Amino acid sequence: MPFTDRVRIHVKGGDGGDGCLSFRREAHTPRGGPDGGDGGRGGSVLLLADERTRDLSRFRGAVHHRAERGHHGQGGKKRGAAGRDLVLRVPPGTRVVRDGEPVAELSGEGQTVQVARGGDGGVGNRAFRSSTNRAPRTTVPGSAGEATWLTLELRLPVDVAIVGLPNSGKSALLNALTGASAPVEPYPQSTREPAFGPLPSEDEARLFTVADLPGLAADGTPRPDGHLEQLERASVVLHLLDAADPEPAEQRLARARAGLGPFVPEGARVAVVAMGCPPDERPAWAELAVDADSGEGVDELRSLVLRGLGGE
Ligand SMILES: Nc1nc2c(ncn2[C@@H]2O[C@H](COP(=O)(O)OP(=O)(O)OP(=O)(O)O)[C@@H](O)[C@H]2O)c(=O)[nH]1
Ligand SMILES: [Mg+2]
């Protein structure tokens, strides 16, 4: 299942159960009083932040989510049972957008948000008895559960984003920096999905997340569904350029910058890295040079990244 960070779903709370119209019928009480019970309330739809959920792909092809309806009231003063809530598990970092407006964010493990309220239960005729009306035939039906369209957007806590034109060494650098095992291939756009790796702080007290975001096409435009939105939380952005590419670096830089511009968060530390180049041959356009094969330059880059994260 492809990595999914944006889905549109429809949620509906359960309708409330109806109130019941009933009169007591027993052999020795021929004209028993009203005994219709109330309806139960409908279940609500909740979102629950669950760290074991990787992304929003479980909602692909599962658009409609409806909580159980409340049960109807019954004779003998029996109240209908409430409908069960429907709990949808989402990864922490999921934002809930309704009519284009963010309405909630599930940031921490175990956090819940109600997104569609269940309807209220109706009222049985027993509730309407009074001194003037001993045989009321009035009941109130349950009310409808709330229904709404929502967009769920996942923003992973990406601390360090690796970006660049296709085949610039993004996956190779992710592996060198974090020990991940993203496939490295000698042809462009071999990585179609973001890949992630952990980077410990110097004192190992914290684990930062590094992401290889292969969202740029060769012409520098963002690929549709390229997930560059995941840059949003990055404090450090590593912009890679293949040192061996014959096309002038300035041209490639400009092309990639135009595409990345709208996604790079304000205040992020952006570093241009020449890939496939020993540090002592660093070209003027790069801040650092790294050879992922030999490992040269990786330690310097790690230090720069940790400084940028404030973790050193
Ligand atoms: N010698 C050398 N080769 C490198 C280095 N980094 C990447 N390469 C080579 O460049 C090619 C592309 O590397 P990848 O890591 O797959 O590049 P990418 O940016 O992830 O590419 P796509 O995901 O396909 O867009 C591979 O053949 C790598 O072996 C490096 O530091 N040194
Ligand atoms: Mg790659």
Can you confirm whether Gly164 is farther than 19 Å from Arg54 by Cα and within 16 Å of ligand 1 (Cβ to nearest atom)?
yes
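Within segment 69-99, count every residue that is of a type in the set (Val, Ile, Thr) and within 13 Å of Gly13 (Cα to Cα). First the steps, then the outcome.
Within segment 69-99, the first condition is being of a type in the set (Val, Ile, Thr), and the residues that meet it are 87, 90, 94, 96-97.
Applying the additional criterion that residues be within 13 Å of Gly13 (Cα to Cα) yields 87.
Total meeting the criteria: 1.
Looking only at segment 27-43, which residues are in a loop (DSSP other than H, G, I, E, B) and either outside the structural domain of His65 (by TED's automatic domain parsing) or surrounded by fewer than 24 Cβ atoms within 10 Å (Cβ to Cβ) (or both)? Spell out the reasoning first.
Initial filter on segment 27-43 (in a loop (DSSP other than H, G, I, E, B)): 27-28, 30-33, 35-43.
Hits for segment 27-43 are Ala27, His28, Pro30, Arg31, Gly32, Gly33, Asp35.
Considering Glu250, Glu232, which residue is modelled with pLDDT under 95, in the same structural domain as Lys170 (by TED's automatic domain parsing) and either in contact with a Phe, Trp or Tyr (Cβ under 8 Å, 6 or more places away or on another chain) or polar (S, T, N, Q) (or both)? Please lay out each step first, then the result.
On the way: Glu250 fails: modelled with pLDDT under 95.
Checking each option against the conditions leaves just Glu232.
Quick check: anything in segment 92-100 basic (Lys, Arg) and touching a helix residue (DSSP H, G or I) at 6+ places or on another chain (Cβ under 9 Å)? Explain how you work it out, then say what you get.
Initially, segment 92-100 is screened for residues basic (Lys, Arg), giving 95, 98.
Those still in the list that are touching a helix residue (DSSP H, G or I) at 6+ places or on another chain (Cβ under 9 Å) too: none.
There is no residue in segment 92-100 that is basic (Lys, Arg) and touching a helix residue (DSSP H, G or I) at 6+ places or on another chain (Cβ under 9 Å).
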Going through segment 142-177 in order, the residues found to be outside any loop (DSSP other than H, G, I, E, B), free of Cβ contacts under 8 Å to residues at least 60 places away in the same chain and not small (Gly, Ala, Ser) are Leu174
Within segment 190-210, the count of residues that are part of a strand (DSSP E or B) and more than 9 Å from ligand 2 (Cβ to nearest atom) comes to 9
Hits in segment 178-200 (condition: touching a residue at least 40 places away in the same chain (Cβ under 8 Å) and within 25 Å of Glu109 (Cβ to Cβ)):
Glu193, Pro194, Phe196, Leu199
When segment 172-193 is checked residue by residue, the ones that are surrounded by fewer than 15 Cβ atoms within 10 Å (Cβ to Cβ) and under 17 Å from Val305 (Cβ atoms) are Gly179
So in segment 172-189, with the set limited to residues that are more than 9 Å from ligand 2 (Cβ to nearest atom) and in contact with a Gly (Cβ under 6 Å, 6 or more places away or on another chain), which one is modelled with the lowest pLDDT?
Ala180
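Hand me the list of strands (runs of 3 or more DSSP E) wholly inside segment 211-312 holding 2 or more residues that are away from ligand 1 (no atom under 13 Å from the Cβ) and surrounded by 15 or more Cβ atoms within 10 Å (Cβ to Cβ). Break it down into steps so the answer makes sense when it comes.
On the way: elements: 236-242, 269-275, 288-290.
Counting at least 2 such residues, we get 236-242, 269-275.
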Of all residues in segment 1-26, which are modelled with pLDDT of 95 or more, surrounded by fewer than 20 Cβ atoms within 10 Å (Cβ to Cβ) and part of a loop (DSSP other than H, G, I, E, B)?
Leu21
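The values are calculated or read from the model by the stated rules, or taken from the named source; none is laboratory data. Here the structure is a predicted model, which is why all the values come from computation and not from measurement. Quick reminder, even Gly has a Cβ in these numbers, built from the backbone with ideal geometry, and neighbours come from all protein chains shown.
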